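For reference, the structure discussed in these notes is given below.
Every number here is computed from the coordinates shown, using simple stated rules; none is lab data. Computed from a predicted structure; not experimentally measured. Because the Cβ atoms are built from the backbone with ideal geometry, glycine has one as well, and the counts that use them run over all protein chains shown.
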Amino acid sequence: MNRYLSLNIGLAAVILLALVGAVVFGETILSAAQYGQALADPASGPGEVLWQGRAPRAVCALMVGAALGLAGAVLQGLLRNPLADPGVLGVSATAALGAAGAIVLGAAAIPGLVESAALIGAALAGLLLVAIAARVRAPEALILFGVALSSFAGALTALIFNLSPSPIASAEVMNWLLGSVQNRSWIDVAWVAPALAAAAVCAAGASPGLRMLTLGDEAARASGLSMGRMRVLALIAAAVAAGAAVAVAGVIGFVGLAAPHLVRAAVRGDPGRLLLPSALAGGLMLVLADLAARLMPTDQELKLGVFTALVGAPLFALIAWRAAREWRL
Amino acid sequence: MSTLLELDGVVARMGAATVLNGVSLSVGASELVALCGPNGAGKSSAIRAALGLTTLQDGVAKLGGEDVRRLAERERGMRAAYLPQERHIAWNLPALEVAALGAPFLAGGEALQRARAALDEVGAGHLAERGVAEMSGGERARVLLARALVVQAPLLLADEPIAGLDPDAQLLVLERLRARADAGGGVLVSLHDLTLAARIADRVVVLDAGRVVADAAPVEALAPDVLRSAFHLDGVWIAAPDGPLLAARRLP
C-alpha cells in the first residue's frame with residue numbers, strides 16, 4: 001500500500017517541479033527583476049508571459065497528457081493488451097476527423113466549435129465501441145474493430161484534405177493534426193479539466209473490473225462483479241479522456257501507449273492501481289515534452305505531437321523489447 | 001441434502017453445433033461430482049451453463065435452487081466459485097494479489113489474509129510475492145486454485161484443474177477439492193483421468209456428444225459398456241490398494 005502511495009506522491013512532486021520549470025523557462029529570457037515583477041504583479045508584462053502564456057500552456061499539457069495516460073491505462077486493462085491505446089481503438093482518429101471537418105467547413109472562426117466537433121467525434125466512436133463491446137466479448141474483436149474505425153476515420157480525413165477547396169484550410173487542418181498546446185489559455189484548461197474529472201470518476205468505477213479481467217473474461221464474469229457495467233464505464237472513461245485531449249491539443253500519439261508501460265512494473269502489473277500513476281506519468285511526459293519542444297532552437301516551433309512521436313517511438317520500441325523478453329512472448 | 005447446483009434439460013449451442021442436448025445433473029452439499037467424457041462431449045459447456053455464462057436454448061440452470069439467469073451477478077458470485085481451464089493471467093501480478101481476486105468484495109487486508117491462507121493450503125505460500133509471469137505452469141495452476149478457494153461460495157466448479165500438471169500437483173489439487181467437499185461444500189470437477197476421477201469422486205457423470213450417458217457411483221458410471229460407447233475404450237477396473245485402477249486399451 002505504502003509503496004503505491006509513495007509512487008503517486010513522487011510522481012506528483014516531479015510534476016510540480018516540471019510545472020515550475022515550464023513557467024520559469026521559455027523562449028523569452030527574463031531577468032531576475034522581471035521574474036520579481038511577474039510574481040508581484042501578474043498583470044505586468046512579464047506577469048502576462050508567465051501566468052497567461054506559459055502557465056496555462058503547461059497546465060494544458062499536463063491535463064492532456066494525464067487524459068491520454070488514463071485512456072491508455074483503461075484501454076490496456078479492458079482489452080488485456082499492452083498495445084491498446086486511444087489511437088488503436090480509433091477514438092483519436094474519429095475525434096481528429098470531427099475537428100478536420102469543422103475546420104474545412106469554416107468553423108474555426110467560432111471559438112469552441114472545432115473542439116466540440118472533436119468531442120462529438122470521440123463520443124461517436126465511444127458509442128460505437130460500447131455498442132460493439134456489448135455484442136462481442138473477445139478483446140481481439142474490439143481491437144480489430146478499432147483498427148478498422150481508425151483507418152476509416154483516417155481515410156475520411158484524407159478525403160477532406162483531398163477535396164478541400166482552400167490550401168489555407170488544409171494547412172490549418174494539418175497544423176491541428178500535428179498536435180500542440182501552443183497558445184492555449186485558461187479557457188482551454190477549463191475545457192479539458194471537467195472532462196478529465198468525469199473520465200477519472202468513470203475509470204475509478206471500472207477499476208475493480210479491470211483488475212478482475214486479469215483472470216480472463218469468463219472468470220471475471222463469474223466473479224460476482226458487474227462486468228457489463230464496468231466495461232461500459234471503462235469505455236466511457238477512455239472515450240471522454242481521449243476526446244477531450246484531442247479536442248484541446250489535436251492528435252498526440254504515443255503518450256497513451258507509453259505512459260502505462262512506464263509505471264506498470266512499479267504497481268506490479270495491477271491494472272486498477274495503474275490508472276492514477278499512468279495518468280500522472282502521461283501528464284509529466286507531456287509537460288516535459290512541451291518544455292523541450294519550446295526550448296528547441298528551431299525556427300519553426302516543433303509541434304508537440306511530432307516531438308512525442310520522434311522521441312517516444314524509439315523509446316517505446318525499447319520498452320516493448322524489454323517487456324517481450326520478460327514476458328517470454 | 002440441499003442441492004447446490006442443478007441442470008435440468010439444458011440445451012445449448014455454440015455456433016451451429018448443439019453442445020448440450022438435454023443435460024440434467026445435480027451437485028449437493030458435501031458432494032464431489034466428477035464430470036467425465038471425451039473431448040467435445042460438453043463438459044466445459046455444462047460448467048459454463050451452470051454459471052450462467054452461456055445462453056440456453058432450453059432447460060434451466062439453478063444455483064442454490066434459483067434460476068441462474070435471475071440471480072444478480074454478485075449473488076451468483078457468492079453461490080459458486082469458478083476455476084476455468086484457461087490459465088492465462090494477463091498481467092504480472094504477484095501470486096498473493098491474484099489469489100486475493102477471489103474476494104473482490106472484502107476489504108483489502110482481509111482478502112490478502114485469506115489469500116495467504118489459501119496459498120499455504122495449496123503449498124504455494126512461498127510464491128506469494130512472486131509475479132505470476134515468472135512462474136511455471138504448475139505453479140500458476142496452484143495460484144489459480146488458491147484464488148478459487150478464496151471464494152467463500154458453497155459450490156466450486158473446476159474445469160480440468162489438473163490438465164498439464166505433474167502427478168504430485170494433480171494429487172494435491174484433487175486432495176484440496178476433496179477437502180472442500182468433506183468440509184460441506186459441493187464440487188463439480190471435469191476430469192480426463194478416469195482412475196483419479198473414480199478415486200476422488202462420490203459420483204461420476206459421463207457426458208457424450210452433449211448428453212448424459214451415465215450418472216452413478218464412479219466404477220458403476222464408468223462401466224465397460226460406457227467406456228466402450230463414450231470413450232472408445234476396452235477397459236476393466238482392477239481393485240488396487242489405493243482404490244480402483246482402470247486398465248484400458250483403445251478399441252480397434
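Side notes on the structure shown:
- Here the protein assembly as shown was treated as a single set of alpha-carbon atoms; its pair distances binned every 10 Å from 0 give 3, 16, 23, 20, 15, 11, 7, 4, 1, 0 percent.
- Within 10 Å of the Cβ of each residue in B:146-156, the mean number of Cβ atoms contributed by other protein chains is 1.
- Sequence-separation-based contact order of the range A:144-296, relative, with Cα cut under 8 Å and 6+ spacing, percent: 25
- Between B:53, B:63, B:83, the Gaussian network model of chain B with springs among Cα atoms under 10 angstrom shows the greatest mean-square fluctuation at B:53.
- Neighbour counting of Cβ atoms within 10 Å sorts the residues A:296, B:135, A:63, fewest neighbours leading, into A:296, B:135, A:63.
- Average beta carbon contacts from partner chains per residue of A:186-196, 10 Å cutoff: 0
- Förster radius 51 Å - calculated FRET efficiency between residue A:166 and residue B:110, Cβ distance, rounded to 0.05: 0.20
- Residue exposure proxy: B:55, B:195, A:308, B:3, ordered by other Cβ atoms within 10 angstrom of their Cβ from fewest to most, comes out as B:55, B:3, B:195, A:308.
- Peptide B:91-100 is shielded by partner chain Cβ atoms: per residue, an average of 5 of them sit within 10 Å of its Cβ.
- Size of electric dipole in the range B:102-172: Cβ of Lys, Arg +1 and of Asp, Glu -1, about Cα centre, debye, nearest 20: 220
- With R₀ set to 25 Å, the beta-carbon distance separating residue B:117 from residue B:74 gives a calculated FRET efficiency near 0.65.
- Calculated on the alpha-carbon coordinates, the convex hull of the range A:1-148 measures out at 163 cubic angstrom per residue.
- Considering only B:139, B:31, B:73, the Gaussian network model of chain B with Cα springs below 10 Å gives its largest mean-square fluctuation to B:73.
- Per-pair calculated FRET efficiency, R0 = 60 Å: residue A:147 and residue B:3 via Cβ, rounded to 0.05: 0.80
- Percent of beta bridges antiparallel (DSSP, the protein assembly as shown, rounded to nearest 5): 65
- Simple label model, 7 Å out from Cα along Cβ direction - residue A:159 to residue A:229, nm: 4.0
- For residue B:83, distant residues with modelled amide H under 5 Å away: B:157, B:158, B:159
- The range A:26-99 and the range B:37-97 have Cα centres lying 45 Å from one another.
- Three-way shape call for chain B based on the alpha-carbon gyration tensor, with the a/c threshold at 1.5: oblate
- Note on residue A:135 and residue A:265: the extension gain reaches 43.5 nm, defined as 0.36 nm multiplied by sequence separation minus the Cα-Cα distance.
- For chain A: relative contact order, % (alpha-carbon pairs under 8 angstrom, 6 or more apart): 31
- Here the scattering of chain A is modelled by Debye summation over its C-alpha atoms, one equal scatterer each and no solvent; at q = 0.08 Å⁻¹ the log10 of I(q)/I(0) is -0.37.
- Radius ratio Rg over Rh of the range A:158-198, counting only Cα atoms, Kirkwood formula for Rh: 1.16
- Remark on residue B:208: its backbone amide H falls under 5 Å from those of B:213, a criterion applied only to residues 5 or more positions apart or on other chains, H modelled at 1.01 Å from N.
- Chain A: DSSP helices with Cα axial extent of at least 24 Å and average Kyte-Doolittle hydropathy no lower than 0.5: A:2-24, A:55-79, A:113-135, A:139-163, A:186-212, A:227-249, A:275-295, A:304-327
- Computed over the Cα atoms of the range A:89-240, the ratio of the radius of gyration to the Kirkwood radius (Rg/Rh) comes to 1.05.
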